[in-house]
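The values are calculated or read from the model by the stated rules, or taken from the named source; none is laboratory data. As the structure is a prediction and not an experimental result, all values here were calculated from the model. A quick note on method: Cβ atoms are made from the backbone with ideal geometry, for glycine too, and the neighbour counts reach across all protein chains shown.
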Amino acid sequence: MDQKLLRQREAKCVQDNPPGCTTNCPVHVDARGVIASVRKEDYAAGYALFHKMVPFPGIISRICDQPCQQGCKRHEIDESIFVRFLEKICVDHNNTESKFTVLPAKKQRVAIVGAGLSGLTAAFELGRKGYKIDIFEATDRLGGSIWNIPESQLPRQVIRKDFAIFEKVSLEVHYNSPMASLDNLYEEFDAIYLGIGLCKAKELNLGLVLTDGKIELDKLSLVTSNSKVFAGGSLRCQDGKRSAITSIADGKIAATSIDRCLQNASLTANRENERAYASSLYTNISGIKAEPRVTAADSGSGYTKAEALSEANRCLLCECLECVKVCEYLAHYKGYPKRYVREVYNNLSIVMGIHRANNMINSCSLCGLCEQVCPGKLSMGEICRQARQVMVETRKMPPSTHDFALRDMQFSTGEKFTLSRHQPGHTSSESVFYPGCQLAASSPDYVEQIYRFLGEKLTGGVGLMLGCCGAPASWAGQEVLFQVTMQSFEKDWSSMGSPKIITACPTCYSLFKQHLPEMPVETLWTLLERIGLPDGRRLTGAIQKLAIHDSCTTRCDTRIQTSVRNLLGKLGYQLEELPLSREHTVCCGYGGLMLYANKEVAHKVINRRIQESELDYLTYCAMCRDNFAGQGKRSYHLLDLIFCPEGKNPAEAGPGLSERQVNRARLKQTLLEKVWGERVEEAPVNIKVNIATEVIAIMEERQILISDVAKVIEYAESTGNKLKEAASGYYVAYYKPASVTYWVEYRPQGDEFVVRNAYCHRIEITE
């Protein structure tokens, strides 16, 4: 992931972008932060944020024209937040002194003409940078026209208190020094700032180019026709109104320009957003209730603490976080995508050391919901998928992370499960049913029933293919393995005559459409809507209204979603749409191998989803159904409503990990014998194990198969590599068949072995 791509992806996330109140302020006061401080009644913190951008907080908190209000999201609902009074209460109740750094003295000298707010701001900013400042003021006091503001609005002690900051910077003030010409300043000073206003220039002989009686200058840098002269201020007009905050902005911008000029740097580079600009922060205001603005009992004094708190609580504290709101994975790591993208990039850049973001990268379900809700269309799934591929290629991926899922896939693509057959009595297939490995593991009886129904209903021969589409390899970043799996499937499909594929698995359908676009493929659900449902028994005892959960791999396929809903209607059920459905559906916790990489996050995902409705759930993905039922949620697979035998318990958990593999192998044997009349000899069992239910539960949690336990015992018994616990008679042995080392505590009992415990780890044991 190169730097350019990193920047492009980071830029899509708008969470760090300032809200409209800040971007509409010409000096970019963090109004959101100030208001958050008022909510906490931490006035010192609010004052510090305000004073950070405004050198004269007391003055501005009383006379600011509040351009920030035009960018307030509340403005779209009712009335903008009255920010000035909230800033004022921070100023009035602050008892701390703001600190700022003054840099070592520089040799260059700067002349400031006019001691209004603009000129004083420029003087303060440049003085902090160490420049020698001379102020030339036509009157006998600092502040210019602000002294014309009534004292009831702007008390004189407030002005004097604010101007006390000049005691901390080095400057010399020349009072009663009107400036009719600049000639005597050009040679003495290295730069000049005219804070007298653009319109006053026509009254003076400044030797500068004028347009319509105003000083002509560059709006970005405020430089005039003379490269060492800058101009602005005098409560410069903002949208036809005299604006103190705009004059302060002029002073700050001019100070930056003068500093750049004296450092021989570009006056214009990277300054596009120095003034007010439109915010790109997205804030969802749907569902926000209108609340009237708080009116101060004494408008002259501003808000009381209680009034300020009430008005501050109206603020939305604008932020995006649309993806974090709907994704437990993103919320789990206490951040948001812009931060995560950087963490992923840093993780991939580490050559030696701990890759701390591995867990985060591997925990994403890759479902794509974040991209759907993100205003910038940033996909964390795309980033995590690419990162996993890079980690695998560079051998930075811990092999144990996805070890179980990949070995389970290996079983499903191996001899015990894979099968390709034409329909009995046919030498070719116009279509082929491909149930996928998870439905075959969860409900093998349904596979047999569906296949028989399709064989009766469709013409031209309906073949059958069993196997795995390779999704676990794709999700694990094992791109080479995934391509090999896809090529193997494509080869088997071609050997069947390249028929149309009918799949019951949403993930298989999605991967085939994406990676084998030349292959015709249709889901079982759209097919059943078209050809009709099988006759016979329907599930009895189910409530008549079900909440429907859409599979995340079909989020953009409205045709499949609609077909499922139509089938549900034909079966006589009503449906309820969950809060996040169709294109905004959430993952069930299995996608991206989340359930294997991070059970904590997966269970958060599952539990949040199953709590969204009290109704029983309807799914059309076997893993979705099993994950929900596994956490106690009454859930049906759509095939449960079509083929389910009497007495179906929708709250019943799906088969365990070992049983799932047994179901796949048994399904193949059953179909070969019942459909094709081929007798299959079962492989002899070398090791018989006796495992208590509670130990099986522990093994499920640790992702240990019964076959793994048998391998450990077989290895120990054949090699003698085991330790005996004399008191109990139990042996302890280990074996590493793949990337994980398995340990088993067992003892012989007759012709079988009783297992007391089993566990695993990724430690490498050397001789």
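Hey, residue 299 hits all of (1) more than 26 Å from residue 480 (Cβ to Cβ); (2) modelled with pLDDT of 95 or more but one; which does it fall short on?
Just one mismatch for residue 299, condition (2).
Is it true that some residue in the stretch 85-102 is buried (at least 16 other Cβ atoms within 10 Å of the Cβ), under 37 Å from the mean Cα position of the chain (by Cα) and not hydrophobic (A, V, I, L, M, F, W, C)?
Yes, there is a match, as at least one residue in the stretch 85-102 is buried (at least 16 other Cβ atoms within 10 Å of the Cβ), under 37 Å from the mean Cα position of the chain (by Cα) and not hydrophobic (A, V, I, L, M, F, W, C).
Which of the residues spanning the stretch 302-315 are in contact with a Lys or Arg (Cβ under 8 Å, 6 or more places away or on another chain) and either buried (at least 17 other Cβ atoms within 10 Å of the Cβ) or at pLDDT below 95 (or both)? Walk me through how you get there before you give the answer.
Residues of the stretch 302-315 that are in contact with a Lys or Arg (Cβ under 8 Å, 6 or more places away or on another chain), as a first pass: 302-303, 309, 311-315.
Within the stretch 302-315, 302, 303, 309, 311, 312, 314, 315 meet the criteria.
Would the stretch 647-655 turn up any residue that is out of contact with any Asp or Glu (no Cβ under 7 Å at 6 or more places or on another chain), surrounded by 18 or more Cβ atoms within 10 Å (Cβ to Cβ) and not charged (D, E, K, R)?
Within the stretch 647-655, not a single residue is out of contact with any Asp or Glu (no Cβ under 7 Å at 6 or more places or on another chain), surrounded by 18 or more Cβ atoms within 10 Å (Cβ to Cβ) and not charged (D, E, K, R).
If you take the residues of the stretch 512-537 that are out of contact with any strand residue (DSSP E or B) (no Cβ under 8 Å at 6 or more places or on another chain) and surrounded by 14 or more Cβ atoms within 10 Å (Cβ to Cβ), which of them is modelled with the lowest pLDDT? If you could, list the steps in order and put the result at the bottom.
Initially, the stretch 512-537 is screened for residues out of contact with any strand residue (DSSP E or B) (no Cβ under 8 Å at 6 or more places or on another chain), giving 514-518, 525-526, 528-537.
Within this subset, residues satisfying the condition of being surrounded by 14 or more Cβ atoms within 10 Å (Cβ to Cβ) are 515-516, 525-526, 528-529, 533-534.
Working: 515: 96, 516: 96, 525: 97, 526: 97, 528: 96, 529: 95, 533: 91, 534: 88.
Per the stated criteria, the residue is 534.
Listed here are the residues, each with its yes/no results for (1) under 30 Å from residue 737 (Cα atoms); (2) without any contact (Cβ under 8 Å) to a residue 24 or more places away in the chain; (3) crowded, with 18+ Cβ neighbours inside 10 Å.
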| site | (1), (2), (3) |
| --- | --- |
| 369 | no, no, yes |
| 379 | no, yes, yes |
| 459 | no, no, no |
| 462 | no, no, yes |
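Give the number of residues within the stretch 41-77 that are surrounded by fewer than 18 Cβ atoms within 10 Å (Cβ to Cβ) and part of a helix (DSSP H, G or I). Before the answer, list the steps.
From the stretch 41-77, those surrounded by fewer than 18 Cβ atoms within 10 Å (Cβ to Cβ) are 41-42, 44, 52, 65, 70, 75-77; that's our starting set.
Checking which are part of a helix (DSSP H, G or I) leaves us with 44, 52, 70, 75-76.
Number of matching residues: 5.
Restricting to the stretch 385-417, and then to whatever is assigned to a loop (DSSP other than H, G, I, E, B) and touching a Leu at 6+ places or on another chain (Cβ under 7 Å), can you tell me which residue is modelled with the lowest pLDDT?
The first filter runs over the stretch 385-417 and keeps only residues assigned to a loop (DSSP other than H, G, I, E, B), leaving 394-402, 413-417.
Remaining after also requiring touching a Leu at 6+ places or on another chain (Cβ under 7 Å): 402, 417.
Numbers: 402: 91, 417: 96.
So, considering only residues that are assigned to a loop (DSSP other than H, G, I, E, B) and touching a Leu at 6+ places or on another chain (Cβ under 7 Å), the one modelled with the lowest pLDDT is 402.
Return a yes/no flag: does the stretch 446-467 have any residue that is within 30 Å of residue 361 (Cβ to Cβ), in the same structural domain as residue 506 (by TED's automatic domain parsing) and modelled with pLDDT of 95 or more.
Checking the stretch 446-467: at least one residue is within 30 Å of residue 361 (Cβ to Cβ), in the same structural domain as residue 506 (by TED's automatic domain parsing) and modelled with pLDDT of 95 or more.
Filter the stretch 187-205 down to the residues that are farther than 20 Å from residue 145 by Cβ and at pLDDT below 90, then identify the one that is surrounded by the fewest Cβ atoms within 10 Å (Cβ to Cβ). Can you show your working first?
Step one: filter the stretch 187-205 for residues farther than 20 Å from residue 145 by Cβ, giving 187-192, 205.
Of the ones still in play, those that are also at pLDDT below 90 are 187, 205.
Working: 187: 6, 205: 11.
Residue satisfying both the conditions and the ranking: 187.
Go through the stretch 644-686 and report how many residues are at pLDDT below 85, within 30 Å of residue 573 (Cβ to Cβ) and out of contact with any strand residue (DSSP E or B) (no Cβ under 9 Å at 6 or more places or on another chain).
Residues in the stretch 644-686 being at pLDDT below 85, within 30 Å of residue 573 (Cβ to Cβ) and out of contact with any strand residue (DSSP E or B) (no Cβ under 9 Å at 6 or more places or on another chain): 5 in total.
Table: residues versus (1) in the same structural domain as residue 704 (by TED's automatic domain parsing); (2) among the charged types (D, E, K, R); (3) closer than 17 Å to residue 695 by Cβ.
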site: 719; (1), (2), (3): yes, no, no
site: 725; (1), (2), (3): yes, yes, yes
site: 732; (1), (2), (3): yes, no, yes
site: 744; (1), (2), (3): yes, no, yes
site: 747; (1), (2), (3): yes, yes, yes
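Show me the helices (runs of 4 or more DSSP H) entirely contained within the stretch 629-714 in which 1 or more residues are farther than 27 Å from residue 589 by Cβ.
Values: elements: 638-643, 657-674, 693-701.
Helices (runs of 4 or more DSSP H) meeting the threshold: 657-674.
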